[in-house]
1. Go through the stretch 394-434 and give me each residue that's in a helix (DSSP H, G or I), hydrophobic (A, V, I, L, M, F, W, C) and either at pLDDT below 95 or open to solvent by less than 80 Å² (accessible area, probe 1.4 Å) (or both).
2. Please enumerate the residues belonging to the stretch 146-164 that are in a helix (DSSP H, G or I) and either among the small types (Gly, Ala, Ser) or without any contact (Cβ under 8 Å) to a residue 40 or more places away in the chain (or both).
3. Quickly run through the stretch 346-373 and pick out the residues that are within 30 Å of ASN427 (Cα to Cα) and open to solvent by less than 50 Å² (accessible area, probe 1.4 Å).
4. Spot the failing condition for THR319; the list is (1) open to solvent by less than 20 Å² (accessible area, probe 1.4 Å); (2) over 18 Å from ALA442 (Cβ atoms); (3) part of a strand (DSSP E or B), and only one is missed.
5. For the stretch 362-375, what are the residues that are within 17 Å of GLY293 (Cα to Cα) and either part of a loop (DSSP other than H, G, I, E, B) or at pLDDT below 95 (or both)?
6. Mind listing just one residue for me: the one in the stretch 58-85 that is among the small types (Gly, Ala, Ser) and in contact (Cβ under 8 Å) with a residue 40 or more places away in the chain and, of those, surrounded by the most Cβ atoms within 10 Å (Cβ to Cβ)?
7. Please go through the stretch 86-137 and pick out each residue that is among the small types (Gly, Ala, Ser), in contact (Cβ under 8 Å) with a residue 24 or more places away in the chain and over 22 Å from VAL69 (Cβ atoms).
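The values are calculated or read from the model by the stated rules, or taken from the named source; none is laboratory data. Since we're looking at a predicted model, the values are computed, not measured. Ideal geometry is used to build each Cβ from the backbone, glycine not excepted, and the neighbour counts take in all protein chains shown. What goes into the accessible areas is simple: the full protein's heavy atoms, side chains included, and nothing from ligands, DNA or RNA. Shrake-Rupley method; radii C 1.70, N 1.55, O 1.52, S 1.80 Å.
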Amino acid sequence: MSRTGVRVWTRGRIRPELTGLVLLTATALTLAAPLPLATARPALAAKTTETAGTAAALTVEEQRLDRAVPQEILRRSGFDGVAPEFVRSLRHADSYAEAERTVGRQGARLWQRAVDRAQGRGPAGGDLSRDDDRPLYWARLGMTRELRQWEPEFRLSEAARSALLGTLERSSRGQDSLTFSGGKADQGKGKSRQGVKRIVMTGFDPFTLDRDIRISNPSGATALALDGTVIRTADGPARIETAVFPVRWADFADGTVERALRGPLSRADLFTTVSQGRVGRIDVERFNGAWRGGFGDNDNVSETGLVPVSDPASQPQWTVTSLPYAAITAAATGRFPVYDNTSVTEIPAGATAPVVRPAGPTPGSAARAGGGGDYLSNEIAYRATLLRDRLGLDIPGGHVHTPVLQFGAGNTDPATGTVTDPEFVRNRLDIIAQIRAIITVAAESS
(Lines give C-alpha, C1' and ligand atoms only; values in the text may rest on other atoms or scores of the structure.)
Protein backbone atom coordinates (compact mmCIF):
# COMPACT_ATOMS: atom_id res chain seq x y z
CA MET A 1 0.00 0.00 0.00
CA SER A 2 1.49 3.31 -1.00
CA ARG A 3 1.64 6.00 1.66
CA THR A 4 3.35 8.64 -0.39
CA GLY A 5 0.25 10.78 -0.62
CA VAL A 6 -2.93 11.46 1.26
CA ARG A 7 -5.82 9.38 -0.02
CA VAL A 8 -9.21 9.97 1.55
CA TRP A 9 -11.39 6.88 1.74
CA THR A 10 -14.92 6.81 2.92
CA ARG A 11 -15.88 4.40 5.64
CA GLY A 12 -16.73 0.99 4.26
CA ARG A 13 -15.36 -2.41 3.45
CA ILE A 14 -11.95 -2.24 1.83
CA ARG A 15 -10.89 -4.52 -0.98
CA PRO A 16 -9.28 -7.74 0.29
CA GLU A 17 -6.16 -7.10 -1.76
CA LEU A 18 -5.49 -3.99 0.31
CA THR A 19 -5.26 -5.89 3.58
CA GLY A 20 -1.76 -6.95 4.44
CA LEU A 21 0.93 -6.44 6.99
CA VAL A 22 1.31 -2.78 7.84
CA LEU A 23 3.63 -1.34 10.40
CA LEU A 24 2.00 1.08 12.80
CA THR A 25 4.05 3.87 11.27
CA ALA A 26 4.07 6.00 8.15
CA THR A 27 7.02 3.99 6.83
CA ALA A 28 5.42 0.68 5.85
CA LEU A 29 7.08 -2.55 4.86
CA THR A 30 6.56 -4.06 1.43
CA LEU A 31 3.20 -5.74 1.70
CA ALA A 32 2.65 -9.40 0.98
CA ALA A 33 -0.39 -10.64 -0.86
CA PRO A 34 -3.19 -11.51 1.57
CA LEU A 35 -4.48 -14.97 2.22
CA PRO A 36 -8.06 -15.67 1.19
CA LEU A 37 -10.51 -16.22 3.98
CA ALA A 38 -11.40 -19.82 4.56
CA THR A 39 -15.03 -20.79 4.47
CA ALA A 40 -16.59 -19.78 7.77
CA ARG A 41 -19.90 -20.57 9.38
CA PRO A 42 -22.55 -18.87 7.22
CA ALA A 43 -23.40 -15.46 8.63
CA LEU A 44 -26.92 -14.93 9.80
CA ALA A 45 -28.98 -12.46 7.83
CA ALA A 46 -29.06 -9.14 9.65
CA LYS A 47 -32.46 -8.12 10.98
CA THR A 48 -33.50 -4.58 11.74
CA THR A 49 -36.71 -5.15 13.65
CA GLU A 50 -36.52 -5.16 17.44
CA THR A 51 -38.19 -8.41 18.31
CA ALA A 52 -37.54 -11.14 20.82
CA GLY A 53 -34.50 -13.16 19.86
CA THR A 54 -33.26 -10.79 17.14
CA ALA A 55 -29.76 -11.94 16.14
CA ALA A 56 -27.23 -9.91 14.16
CA ALA A 57 -24.93 -10.89 11.32
CA LEU A 58 -21.50 -12.17 12.24
CA THR A 59 -18.58 -9.77 12.00
CA VAL A 60 -15.56 -10.30 9.77
CA GLU A 61 -13.51 -11.11 12.87
CA GLU A 62 -15.99 -13.74 14.01
CA GLN A 63 -16.12 -15.35 10.57
CA ARG A 64 -12.38 -16.07 10.74
CA LEU A 65 -12.91 -18.18 13.85
CA ASP A 66 -13.74 -21.42 12.01
CA ARG A 67 -10.41 -21.53 10.22
CA ALA A 68 -7.96 -24.27 11.17
CA VAL A 69 -5.39 -22.05 12.91
CA PRO A 70 -7.76 -20.39 15.42
CA GLN A 71 -9.24 -23.78 16.26
CA GLU A 72 -5.76 -25.24 16.82
CA ILE A 73 -4.77 -22.32 19.06
CA LEU A 74 -7.91 -22.76 21.14
CA ARG A 75 -7.46 -26.51 21.39
CA ARG A 76 -3.75 -26.37 22.30
CA SER A 77 -4.40 -23.83 25.06
CA GLY A 78 -7.50 -25.43 26.54
CA PHE A 79 -9.57 -22.37 25.63
CA ASP A 80 -11.72 -24.35 23.20
CA GLY A 81 -14.23 -24.89 26.01
CA VAL A 82 -14.78 -21.18 26.69
CA ALA A 83 -17.55 -20.56 24.14
CA PRO A 84 -19.49 -23.77 24.96
CA GLU A 85 -19.37 -22.91 28.66
CA PHE A 86 -20.62 -19.42 27.84
CA VAL A 87 -23.55 -20.89 25.89
CA ARG A 88 -24.48 -23.09 28.84
CA SER A 89 -24.42 -20.12 31.21
CA LEU A 90 -26.65 -18.07 28.90
CA ARG A 91 -29.33 -20.78 28.99
CA HIS A 92 -29.99 -19.91 32.63
CA ALA A 93 -30.49 -16.19 31.92
CA ASP A 94 -34.26 -15.61 31.92
CA SER A 95 -34.15 -11.80 31.95
CA TYR A 96 -31.98 -9.00 30.65
CA ALA A 97 -30.65 -8.26 34.13
CA GLU A 98 -29.57 -11.87 34.59
CA ALA A 99 -28.04 -11.91 31.10
CA GLU A 100 -26.04 -8.79 31.92
CA ARG A 101 -24.69 -10.36 35.10
CA THR A 102 -23.84 -13.57 33.29
CA VAL A 103 -22.06 -11.81 30.44
CA GLY A 104 -20.02 -9.62 32.78
CA ARG A 105 -19.08 -12.55 34.98
CA GLN A 106 -18.06 -14.79 32.09
CA GLY A 107 -16.08 -12.01 30.40
CA ALA A 108 -14.16 -11.22 33.57
CA ARG A 109 -13.51 -14.94 34.07
CA LEU A 110 -11.99 -15.18 30.59
CA TRP A 111 -9.69 -12.21 31.24
CA GLN A 112 -8.54 -13.58 34.58
CA ARG A 113 -7.99 -17.03 33.11
CA ALA A 114 -5.78 -15.55 30.36
CA VAL A 115 -3.83 -13.50 32.91
CA ASP A 116 -3.38 -16.50 35.20
CA ARG A 117 -2.18 -18.65 32.32
CA ALA A 118 0.33 -16.01 31.20
CA GLN A 119 1.65 -15.62 34.75
CA GLY A 120 2.00 -19.34 35.44
CA ARG A 121 -0.98 -19.88 37.71
CA GLY A 122 -3.13 -22.96 37.24
CA PRO A 123 -2.91 -25.52 34.45
CA ALA A 124 -1.57 -24.49 31.05
CA GLY A 125 -4.43 -26.39 29.40
CA GLY A 126 -2.25 -27.59 26.54
CA ASP A 127 1.20 -27.41 24.98
CA LEU A 128 0.93 -23.84 23.66
CA SER A 129 3.36 -21.60 25.56
CA ARG A 130 1.86 -19.65 28.44
CA ASP A 131 3.01 -16.27 27.10
CA ASP A 132 0.66 -16.55 24.10
CA ASP A 133 -2.00 -13.82 23.79
CA ARG A 134 -3.92 -15.52 20.96
CA PRO A 135 -6.11 -17.86 23.08
CA LEU A 136 -7.72 -14.82 24.70
CA TYR A 137 -8.40 -13.18 21.34
CA TRP A 138 -9.99 -16.19 19.67
CA ALA A 139 -11.91 -17.29 22.78
CA ARG A 140 -13.42 -13.82 23.10
CA LEU A 141 -14.56 -13.95 19.49
CA GLY A 142 -16.18 -17.31 20.20
CA MET A 143 -18.14 -15.66 23.00
CA THR A 144 -19.16 -12.59 21.00
CA ARG A 145 -20.28 -14.83 18.13
CA GLU A 146 -22.49 -16.87 20.43
CA LEU A 147 -23.91 -13.76 22.07
CA ARG A 148 -24.60 -12.16 18.70
CA GLN A 149 -26.63 -15.21 17.64
CA TRP A 150 -28.28 -15.91 20.99
CA GLU A 151 -32.08 -16.01 20.88
CA PRO A 152 -33.40 -15.85 24.45
CA GLU A 153 -36.97 -16.45 25.51
CA PHE A 154 -37.37 -12.83 26.59
CA ARG A 155 -37.45 -9.77 24.34
CA LEU A 156 -33.94 -8.64 23.39
CA SER A 157 -33.73 -5.54 21.21
CA GLU A 158 -30.77 -4.69 19.02
CA ALA A 159 -29.80 -1.94 21.47
CA ALA A 160 -29.95 -4.37 24.41
CA ARG A 161 -27.86 -6.96 22.56
CA SER A 162 -25.33 -4.28 21.68
CA ALA A 163 -25.12 -3.30 25.35
CA LEU A 164 -24.46 -6.92 26.31
CA LEU A 165 -21.72 -7.14 23.68
CA GLY A 166 -20.17 -3.98 25.13
CA THR A 167 -20.21 -5.52 28.60
CA LEU A 168 -18.51 -8.63 27.25
CA GLU A 169 -15.86 -6.62 25.42
CA ARG A 170 -14.96 -4.50 28.47
CA SER A 171 -14.93 -7.31 30.99
CA SER A 172 -12.94 -9.75 28.80
CA ARG A 173 -10.32 -7.11 27.98
CA GLY A 174 -9.47 -6.17 31.57
CA GLN A 175 -10.98 -2.72 31.14
CA ASP A 176 -13.48 -3.17 33.98
CA SER A 177 -10.71 -4.34 36.32
CA LEU A 178 -8.32 -1.53 35.38
CA THR A 179 -8.58 -0.02 38.86
CA PHE A 180 -6.44 0.93 41.82
CA SER A 181 -7.64 0.80 45.40
CA GLY A 182 -7.57 3.96 47.48
CA GLY A 183 -7.39 7.57 46.39
CA LYS A 184 -4.92 9.67 44.47
CA ALA A 185 -1.32 9.75 45.68
CA ASP A 186 -1.08 11.90 48.79
CA GLN A 187 2.14 10.94 50.54
CA GLY A 188 4.65 12.66 48.36
CA LYS A 189 4.83 13.02 44.62
CA GLY A 190 4.36 9.79 42.71
CA LYS A 191 3.34 7.47 45.55
CA SER A 192 0.01 6.20 46.78
CA ARG A 193 -1.05 5.98 50.40
CA GLN A 194 0.61 2.59 50.59
CA GLY A 195 3.85 3.94 49.09
CA VAL A 196 3.29 2.00 45.86
CA LYS A 197 3.41 3.73 42.50
CA ARG A 198 0.53 3.07 40.13
CA ILE A 199 1.18 2.30 36.48
CA VAL A 200 -1.34 1.83 33.64
CA MET A 201 -0.28 -0.12 30.56
CA THR A 202 -2.39 -1.06 27.51
CA GLY A 203 -1.93 -3.51 24.64
CA PHE A 204 -3.74 -4.56 21.46
CA ASP A 205 -5.34 -7.58 19.81
CA PRO A 206 -3.55 -9.36 16.95
CA PHE A 207 -4.17 -7.69 13.57
CA THR A 208 -3.57 -8.10 9.80
CA LEU A 209 -5.02 -11.58 10.16
CA ASP A 210 -5.91 -11.87 6.46
CA ARG A 211 -2.21 -11.78 5.72
CA ASP A 212 -1.30 -14.35 8.36
CA ILE A 213 -3.99 -15.87 10.57
CA ARG A 214 -1.26 -17.09 12.97
CA ILE A 215 -0.29 -13.58 14.07
CA SER A 216 0.21 -12.76 17.76
CA ASN A 217 0.57 -9.24 19.20
CA PRO A 218 3.41 -8.83 21.71
CA SER A 219 1.71 -5.80 23.25
CA GLY A 220 -1.30 -7.92 24.19
CA ALA A 221 0.98 -10.66 25.50
CA THR A 222 2.80 -8.07 27.61
CA ALA A 223 -0.48 -6.82 29.05
CA LEU A 224 -1.38 -10.36 30.15
CA ALA A 225 2.09 -10.95 31.60
CA LEU A 226 2.12 -7.71 33.62
CA ASP A 227 -1.46 -7.27 34.82
CA GLY A 228 -1.57 -6.91 38.59
CA THR A 229 2.17 -7.45 38.98
CA VAL A 230 4.45 -5.41 41.23
CA ILE A 231 7.84 -4.33 39.97
CA ARG A 232 10.73 -3.29 42.21
CA THR A 233 12.30 0.04 41.37
CA ALA A 234 15.03 2.10 43.02
CA ASP A 235 12.19 4.28 44.28
CA GLY A 236 10.23 1.40 45.75
CA PRO A 237 7.47 -0.89 44.48
CA ALA A 238 5.11 -0.07 41.61
CA ARG A 239 1.92 -1.92 40.66
CA ILE A 240 0.96 -2.35 37.01
CA GLU A 241 -2.65 -2.63 35.85
CA THR A 242 -3.31 -3.46 32.21
CA ALA A 243 -6.03 -3.79 29.58
CA VAL A 244 -6.23 -4.77 25.92
CA PHE A 245 -7.97 -2.81 23.15
CA PRO A 246 -9.54 -3.91 19.85
CA VAL A 247 -8.08 -3.09 16.44
CA ARG A 248 -11.30 -1.49 15.20
CA TRP A 249 -11.81 2.12 14.16
CA ALA A 250 -15.46 2.22 15.27
CA ASP A 251 -14.69 1.29 18.87
CA PHE A 252 -12.21 4.15 19.14
CA ALA A 253 -14.69 6.61 17.61
CA ASP A 254 -17.25 5.43 20.18
CA GLY A 255 -14.91 6.46 23.01
CA THR A 256 -13.70 3.09 24.28
CA VAL A 257 -10.26 4.50 25.17
CA GLU A 258 -11.60 7.44 27.13
CA ARG A 259 -14.18 5.36 29.00
CA ALA A 260 -11.59 2.81 30.03
CA LEU A 261 -8.76 5.20 30.92
CA ARG A 262 -10.40 8.30 32.41
CA GLY A 263 -10.65 6.93 35.96
CA PRO A 264 -7.42 4.92 36.02
CA LEU A 265 -5.28 7.77 34.64
CA SER A 266 -6.63 10.16 37.25
CA ARG A 267 -5.25 7.82 39.94
CA ALA A 268 -2.06 6.74 38.14
CA ASP A 269 1.52 7.90 38.51
CA LEU A 270 2.54 6.79 35.01
CA PHE A 271 0.97 5.28 31.91
CA THR A 272 2.13 3.82 28.64
CA THR A 273 0.16 2.60 25.67
CA VAL A 274 1.98 -0.17 23.81
CA SER A 275 1.59 -1.68 20.34
CA GLN A 276 3.55 -3.61 17.73
CA GLY A 277 5.59 -1.38 15.44
CA ARG A 278 8.76 -1.82 13.40
CA VAL A 279 11.03 -4.77 12.72
CA GLY A 280 13.94 -5.24 15.12
CA ARG A 281 13.55 -2.09 17.21
CA ILE A 282 11.60 -0.38 19.97
CA ASP A 283 10.44 3.22 19.64
CA VAL A 284 9.35 5.75 22.21
CA GLU A 285 7.04 7.90 20.10
CA ARG A 286 7.57 11.59 20.85
CA PHE A 287 4.61 13.07 18.91
CA ASN A 288 1.10 11.78 18.20
CA GLY A 289 -1.04 13.11 15.37
CA ALA A 290 -4.79 13.74 15.04
CA TRP A 291 -5.16 11.84 11.76
CA ARG A 292 -6.54 8.49 10.64
CA GLY A 293 -4.71 7.09 7.62
CA GLY A 294 -7.30 4.63 6.32
CA PHE A 295 -5.67 1.23 6.71
CA GLY A 296 -8.20 -1.56 7.20
CA ASP A 297 -8.93 -2.74 10.73
CA ASN A 298 -9.77 -6.24 11.95
CA ASP A 299 -13.26 -5.96 10.47
CA ASN A 300 -11.76 -4.77 7.16
CA VAL A 301 -13.22 -1.30 7.69
CA SER A 302 -11.30 1.79 6.59
CA GLU A 303 -11.40 5.26 8.16
CA THR A 304 -9.62 8.40 7.00
CA GLY A 305 -9.79 11.89 8.49
CA LEU A 306 -9.35 13.69 11.78
CA VAL A 307 -9.40 11.53 14.88
CA PRO A 308 -12.97 11.98 16.18
CA VAL A 309 -12.99 13.27 19.76
CA SER A 310 -15.37 15.10 22.06
CA ASP A 311 -15.13 18.90 21.90
CA PRO A 312 -13.45 18.97 18.48
CA ALA A 313 -13.24 22.78 18.61
CA SER A 314 -10.42 22.45 21.16
CA GLN A 315 -8.76 19.47 19.48
CA PRO A 316 -5.00 19.91 18.93
CA GLN A 317 -3.26 18.55 15.86
CA TRP A 318 -0.47 17.09 17.99
CA THR A 319 0.08 15.73 21.47
CA VAL A 320 3.47 15.05 23.05
CA THR A 321 4.81 12.23 25.18
CA SER A 322 5.72 12.95 28.78
CA LEU A 323 7.58 9.66 29.23
CA PRO A 324 11.25 10.07 30.24
CA TYR A 325 12.47 9.14 26.77
CA ALA A 326 16.09 10.16 27.38
CA ALA A 327 16.40 7.83 30.35
CA ILE A 328 14.60 5.01 28.54
CA THR A 329 16.79 5.16 25.43
CA ALA A 330 19.97 5.38 27.53
CA ALA A 331 19.18 2.35 29.68
CA ALA A 332 20.21 -1.23 28.91
CA THR A 333 16.75 -2.79 28.84
CA GLY A 334 17.19 -5.75 26.46
CA ARG A 335 18.44 -6.99 23.10
CA PHE A 336 16.35 -4.68 20.91
CA PRO A 337 17.68 -1.13 20.31
CA VAL A 338 15.42 1.60 21.70
CA TYR A 339 14.94 4.91 19.89
CA ASP A 340 13.49 8.31 20.70
CA ASN A 341 11.42 8.71 17.54
CA THR A 342 10.69 12.34 16.71
CA SER A 343 9.68 11.96 13.05
CA VAL A 344 6.18 12.98 11.89
CA THR A 345 4.34 13.64 8.64
CA GLU A 346 2.58 17.00 8.42
CA ILE A 347 1.03 19.50 6.06
CA PRO A 348 2.88 22.72 6.94
CA ALA A 349 0.89 25.85 7.64
CA GLY A 350 -0.16 27.43 4.34
CA ALA A 351 0.78 24.33 2.32
CA THR A 352 -1.27 21.55 0.76
CA ALA A 353 1.15 18.63 0.43
CA PRO A 354 2.36 16.41 3.27
CA VAL A 355 6.05 16.34 4.17
CA VAL A 356 8.10 14.28 6.61
CA ARG A 357 9.64 16.22 9.49
CA PRO A 358 12.40 14.20 11.22
CA ALA A 359 12.53 16.60 14.18
CA GLY A 360 8.81 16.87 14.85
CA PRO A 361 5.93 19.11 13.75
CA THR A 362 6.25 22.78 12.90
CA PRO A 363 3.91 25.50 14.29
CA GLY A 364 0.43 25.54 12.75
CA SER A 365 0.86 22.33 10.77
CA ALA A 366 -1.86 19.72 10.15
CA ALA A 367 -1.10 16.18 11.25
CA ARG A 368 -0.91 13.35 8.73
CA ALA A 369 1.09 10.84 10.81
CA GLY A 370 2.57 10.86 14.27
CA GLY A 371 5.79 9.08 15.13
CA GLY A 372 3.65 5.98 15.51
CA GLY A 373 2.06 6.41 12.10
CA ASP A 374 -1.60 6.99 11.23
CA TYR A 375 -3.16 3.76 12.45
CA LEU A 376 -4.74 2.81 15.78
CA SER A 377 -1.45 2.73 17.68
CA ASN A 378 -0.99 6.42 16.95
CA GLU A 379 -4.64 6.98 17.81
CA ILE A 380 -4.53 5.34 21.24
CA ALA A 381 -1.39 7.35 22.01
CA TYR A 382 -3.11 10.53 20.83
CA ARG A 383 -6.29 9.84 22.80
CA ALA A 384 -4.49 8.85 26.01
CA THR A 385 -2.17 11.87 26.01
CA LEU A 386 -5.04 14.20 25.05
CA LEU A 387 -7.02 12.77 27.98
CA ARG A 388 -4.00 13.41 30.22
CA ASP A 389 -3.92 17.04 29.09
CA ARG A 390 -7.67 17.62 29.31
CA LEU A 391 -7.74 16.19 32.84
CA GLY A 392 -4.84 18.46 33.78
CA LEU A 393 -2.68 15.54 34.88
CA ASP A 394 1.03 16.11 35.48
CA ILE A 395 2.15 12.51 35.02
CA PRO A 396 4.52 10.74 32.62
CA GLY A 397 2.70 9.05 29.76
CA GLY A 398 3.03 8.15 26.11
CA HIS A 399 3.44 5.38 23.59
CA VAL A 400 6.00 2.61 23.11
CA HIS A 401 6.21 0.51 19.94
CA THR A 402 7.51 -3.04 20.27
CA PRO A 403 9.40 -4.87 17.54
CA VAL A 404 7.37 -6.89 15.06
CA LEU A 405 6.93 -10.40 16.49
CA GLN A 406 8.55 -12.71 13.95
CA PHE A 407 8.32 -16.45 13.41
CA GLY A 408 11.47 -18.51 13.18
CA ALA A 409 13.42 -19.14 9.99
CA GLY A 410 11.64 -21.76 7.92
CA ASN A 411 8.28 -20.93 9.49
CA THR A 412 7.50 -17.65 7.77
CA ASP A 413 5.04 -18.90 5.15
CA PRO A 414 1.53 -18.88 6.64
CA ALA A 415 0.37 -21.39 4.03
CA THR A 416 2.77 -24.07 5.24
CA GLY A 417 3.99 -22.85 8.62
CA THR A 418 3.07 -23.94 12.14
CA VAL A 419 1.23 -21.81 14.71
CA THR A 420 4.33 -21.52 16.89
CA ASP A 421 8.05 -22.33 17.04
CA PRO A 422 10.89 -21.87 19.56
CA GLU A 423 12.20 -18.64 18.01
CA PHE A 424 8.70 -17.17 17.90
CA VAL A 425 8.28 -17.88 21.62
CA ARG A 426 11.76 -16.56 22.46
CA ASN A 427 11.09 -13.33 20.54
CA ARG A 428 7.82 -12.77 22.38
CA LEU A 429 9.35 -13.49 25.80
CA ASP A 430 12.24 -11.12 25.07
CA ILE A 431 9.83 -8.36 24.04
CA ILE A 432 7.74 -8.84 27.18
CA ALA A 433 10.85 -8.69 29.38
CA GLN A 434 12.16 -5.58 27.64
CA ILE A 435 8.86 -3.68 27.89
CA ARG A 436 8.78 -4.56 31.59
CA ALA A 437 12.31 -3.19 31.94
CA ILE A 438 11.36 0.00 30.07
CA ILE A 439 8.40 0.55 32.38
CA THR A 440 10.72 0.07 35.35
CA VAL A 441 13.14 2.69 34.00
CA ALA A 442 10.24 5.08 33.37
CA ALA A 443 8.98 4.61 36.93
CA GLU A 444 12.42 5.19 38.40
CA SER A 445 12.99 8.31 36.29
CA SER A 446 9.66 9.97 37.06
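1. PHE424, VAL425, ILE431, ILE432, ALA433
2. Looking only at the stretch 146-164, we keep the residues that are in a helix (DSSP H, G or I), and these are 146-149, 158-164.
Passing the criteria: ALA159, ALA160, SER162, ALA163.
3. Narrowing the stretch 346-373 to residues within 30 Å of ASN427 (Cα to Cα): 358, 369-373.
Correct list: ALA369, GLY370, GLY371, GLY372, GLY373.
4. (2)
5. Answer for the stretch 362-375, where residues must be within 17 Å of GLY293 (Cα to Cα) and either part of a loop (DSSP other than H, G, I, E, B) or at pLDDT below 95 (or both): SER365, GLY371, GLY372, ASP374, TYR375.
6. SER77
7. Quick first cut of the stretch 86-137, residues among the small types (Gly, Ala, Ser) only: 89, 93, 95, 97, 99, 104, 107-108, 114, 118, 120, 122, 124-126, 129.
In the following step, the residues that additionally are in contact (Cβ under 8 Å) with a residue 24 or more places away in the chain were identified as 93, 95, 99, 104, 107-108, 114, 118, 124-126, 129.
Those that are among the small types (Gly, Ala, Ser), in contact (Cβ under 8 Å) with a residue 24 or more places away in the chain and over 22 Å from VAL69 (Cβ atoms): ALA93, SER95, ALA99, GLY104, GLY107, ALA108.
Matching residues to (1) in a helix (DSSP H, G or I); (2) over 22 Å from the mean Cα position of the chain (by Cα):
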position	(1), (2)
SER310	no, no
ALA349	no, yes
SER377	yes, no
LEU386	yes, no
